[in-house]
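Notes follow the structure.
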Amino acid sequence: MKSFIEKSNPCVPSSGYFEYPFNIMVYFGIMVLKCEYAVRGEIASLAQKLQQDLQANPGSHPFEEILYCDIGNPQSLGQQPITFFREVLALCDHPALLNKSETHGLFSADSIERAWQILDQIPGRATGAYSHSQGVKGLRDTVAAGIAARDGFPADPNDIFLTDGASSAVHMIMRLLIRSENDGIFCPVPRYPLYLASIALHGGTLVPYYLDEATGWGLEISELKNQLETTRQKNITVRALVVINPGNPTGQVLAETNQREIVEFCDKEGLVLLADEVYQENIYVSGKQFHSFKKVSCSMGYGDNDLSLVSFQSSKGYYGECGRRCGYMEVTGFGPEVREQIYKLASVNLCANISGQILASLVMSPPKAGDESYESYFAEKNGILQSLARRAKTLEDGLNKLEGATCNKAEGSMYLFPRIRLPNKAIKEAESLKKAPDAYYAARLLNATGIVVVPGSGFGQVPGTWHFRCTILPQEEKIPTVVSRLTEFHQKFMDEFRD
Ligand code: DCS
């Protein structure tokens with residue numbers, strides 16, 4: 001039987017994109033073909049294959065286990081969920097437990113109380129039913145109250161859209177903003193690949209602005225101005241600016257003064273500010289603090305009609321509930337006609353999953369002083385964050401000791417993004433294999449050590465520079481092994497290709 005692709009009709013007119021085989025173009029949208037997502041790329045597939053090899057044939061590779069440093073997925077590497085979150089989720093999903101006397105010995109009093117509150121907010125107390133497309137109103141009230149408590153400025157539940165992770169919120173906004181390939185979205189380089197993928201899927205143009213590695217991945221307004229001017233000359237209308245704070249893959253935390261400049265720039269140039277703040281609680285260095293763009297713009301006196309701002313939050317955070325697909329976006333500074341269109345887009349998906357919606361409300365309103373869970377909640381949270389800070393430091397120090405490598409601090413988020421200076425011979429070898437040099441390095445590293453990282457080329461980087469992204473997430477006791485295996489591999493690699 002012929003495959004799906006082989007059955008394609010060769011008579012379909014060409015769209016002018018010659019980089020894809022003609023028969024593939026016939027069946028798949030060009031936006032899909034142009035979409036790339038490096039985090040689940042070639043290296044991830046190789047890791048999966050090696051994992052299967054090790055299971056089927058222990059001893060078949062020079063390492064016993066795969067050390068995943070590629071994806072920001074803390075619970076897949078053994079991080080334990082926050083007890084309070086899970087208790088409330090379990091009780092909401094199985095309310096019959098609330099009427100059992102044993103439950104009071106097993107669950108904390110505040111998780112029982114919170115579960116009742118949440119169930120009362122959900123029509124029919126049914127967590128298996130669709131909700132309002134923007135999310136359950138009572139849960140949005142809680143999220144808005146949490147934002148107001150965080151920022152010291154009011155938040156309106158009608159501005160909150162609960163979503164299946166931050167990704168679906170980002171797609172929704174790209175769909176809204178992009179009308180044609182003449183619409184551009186400013187994105188940092190390097191940046192998390194979701195933005196490249198989503199802009200491609202929606203047929204727009206990614207307009208890069210470069211973060212300055214030499215100043216700890218600084219975001220310079222002069223760079224934004226230059227890139228904006230160049231882009232306008234190409235007849236591209238830049239509609240929005242994406243800022244990822246804390247950064248992925250770069251790990252930097254923006255200073256408030258810098259954020260003020262960014263707000264002013266967006267205001268002056270009429271850009272929508274897309275603030276990706278999914279790592280807002282993952283901060284590891286004293287002297288750095290997270291400030292939401294909502295707070296910064298409010299403190300500058302910007303009112304609702306002065307700046308169009310969308311802020312994204314997610315189930316990632318320090319709690320690492322990635323698979324729960326919880327998220328929200330807070331949408332301010334748009335007129336009612338635009339809001340109506342956003343609501344329409346949300347309705348096309350019917351609603352976000354209810355567990356994720358509940359989790360969003362818990363993340364933004366954790367236990368308070370006096371609640372039974374208060375102390376254990378903070379002990380769990382601080383335990384995770386302190387361990388991540390130690391892991392980040394050990395890895396950063398190890399990476400900075402590699403020949404020719406330099407690595408900025410992970411001030412926040414979950415990643416380090418070291419620059420590696422590869423010998424010319426290694427670059428030539430990679431090119432002869434039609435691979436980006438950092439992808440070649442990452443594949444060699446994986447085959448030799450079982451360590452999985454993501455090549456820098458998937459995030460964008462200054463041409464001619466090479467990097468990789470390494471998460472700080474392997475269990476703390478495994479971090480020394482990651483450092484020692486990486487160090488040994490790197491030295492051998494450099495020696496092999498020394499000019
Ligand atoms: N924004 C940033 C900066 C991210 O890092 C991620 C996920 C998302 C949005 C999407 O989050 P949701 O899970 O809420 O959709 N980060 C990916 C990464 O870099 N590794 O794992 C996932």
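The values are calculated or read from the model by the stated rules, or taken from the named source; none is laboratory data. If you're wondering where the values come from, they're calculated on a predicted model, not measured in any experiment. Note: ideal-geometry Cβ built from the backbone for every residue, glycine included; neighbour counts use all protein chains shown. Quick note on the areas: whole protein, heavy atoms, side chains included, nothing else; ligands and nucleic acids left out. Shrake-Rupley method; radii C 1.70, N 1.55, O 1.52, S 1.80 Å.
Remarks
- Label zone at Ala255, where the point sits 7 Å out along the Cα-to-Cβ direction: the range 214-234 residues whose backbone N lies under 14 Å: 215-221
- Using the rule -39500 (n - 2.57) for each DSSP H run of four or more residues, divided by the residues of the chain, the 222 nm mean residue ellipticity is -13500 deg cm²/dmol.
- Cα shape, the range 44-142, gyration tensor, a/c 1.5 rule: prolate
- The range 288-359 versus the range 165-238: alpha-carbon centroid distance in Å: 19 Å
- Inter-site label distance for Ser376 and Ser180 at 7 Å from Cα along Cβ, in nm: 6.0 nm
- Here the chain exposes an accessible surface that is 52 percent carbon and sulfur, computed with a 1.4 Å probe and the other protein chains kept in place.
- The trypsin sites (Lys or Arg not before Pro) of the range 300-401 that DSSP puts in a loop, and whose beta carbon has at most 16 other beta carbons within 10 Å, are Lys368, Lys401.
- FRET efficiency, Glu269 to Lys492 (Cβ-Cβ, R0 45 Å, nearest 0.05): 0.35
- Spin-label proximity, Leu433 to the range 462-499 - amide N less than 14 Å from point 7 Å beyond Cα toward beta carbon: 493-494, 496-497
- Label-to-label distance, nm, for residues given as Ser45 and Thr215 (7 Å Cα→Cβ offset): 4.1 nm
- Per residue accessible area in Å² of the range 367-443, where ligands, DNA and RNA are left out and the probe is 1.4 Å: 46 Å²
- Of all DSSP bridge pairs formed entirely within the chain, close to 50 percent run antiparallel.
- Along the axis of the charge dipole computed for the range 269-409 (Cβ charges of +1 for Lys and Arg, -1 for Asp and Glu, origin at the Cα centre), the listed residues Phe293, Tyr319, Met329 are led at the positive end by Tyr319.
- Unit charges on C-beta of K, R, D, E only; dipole of the range 93-222, Debye: 360 debye
- Restricting the range 124-201 to chymotrypsin sites (Phe, Trp or Tyr not before Pro) that sit in a DSSP loop and have at most 16 other Cβ atoms within 10 Å of their own Cβ leaves Tyr130.
- Dipole orientation for the range 318-393: of the candidates Val338, Gln386, Ala360, Gln386 has the Cα lying most toward the positive pole (charges on Cβ; Lys, Arg +1; Asp, Glu -1).
- The range 130-196: trypsin sites (Lys or Arg not before Pro) falling in loop per DSSP and having at most 12 other Cβ within 10 Å: Arg179
- Residue-span extension gain [Asp304 to Asn99] - 0.36 nm each, minus C-alpha spacing: 69.3 nm
- One quarter of the surface of the convex hull around the alpha-carbon atoms of the range 272-406 equals 12.1 nm², the direction-averaged projected area.
- When only the Cβ of Lys, Arg, Asp and Glu is charged (+1, +1, -1, -1), the dipole of the chain relative to its Cα centre reaches about 960 debye.
- Sequence-distant contacts, meaning Cα pairs under 8 Å at least 6 residues apart, place the relative contact order of the chain at 21 percent.
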